[in-house]
1. Order these peptides, 71-81, 14-24, 94-104, 44-54, by their mean beta-carbon neighbour count within 10 angstrom, highest first.
2. Starting from the Cα of residue 18, step 7 Å along the direction of its Cβ; do the same at residue 54; then give the gap between the two resulting points in nm.
3. How far apart, in nm, are the 7 Å Cα→Cβ label points at residue 69 and residue 31?
4. How big is D for the range 42-116, in µm² s⁻¹ as a whole number, if Stokes-Einstein is applied with the Kirkwood radius of its Cα pairs at 4 °C and 1.567 mPa s?
5. Listed here are the pairs 61/91; 61/84; 20/61; 16/100; which of them are more than 30 Å apart at the Cα?
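Read-outs: derived from the displayed coordinates by stated rules, not from any lab. The model shown is predicted, which means the values in this text are computed figures rather than measured ones. Glycine also receives a Cβ, built like all others from the backbone with ideal geometry; neighbour counts cover every protein chain displayed.
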Amino acid sequence: MAKIGTANPVEAVQGKLTSKDSGYFYVRNGKQFYRTREENYQQNQSPRQKWNSAAFAFAHKQLRAIESDESQITLMNADYEMAKHIAPNGKSYPTAHAWKFNCLIHEYKQANPYEPECE
């Protein structure tokens, strides 16, 4: 940590100045500091978080493919109306996009059930 002194508290800077910065500024007890931190929080996921992330990635990929074809969009909207806006989890969704996204997540989780690793 590097201590940066400012004479006026109004001059204190907090957060990253640009998205390319390796660290961020913060203020503690009226003093300003700069801290660098490796942002690897996404890599340190539990097995259940990785399973949920894989389901979201699958749903996003499938939904992009569906929404690139007009006939698929028409079919998705018809299925949405036929299901009366209710997804497999029992919740009602206001748009066909949200409904289909939830259906795709459910589809992935049914095809790839979560199995905790025995340690």
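1. My ranking of the peptides, most packed first, is 94-104, 71-81, 44-54, 14-24.
2. 3.9 nm
3. Once both label points are built, they end up 6.3 nm from each other.
4. 98 µm²/s
5. As for pairs spanning more than 30 Å Cα to Cα, those are 16/100.
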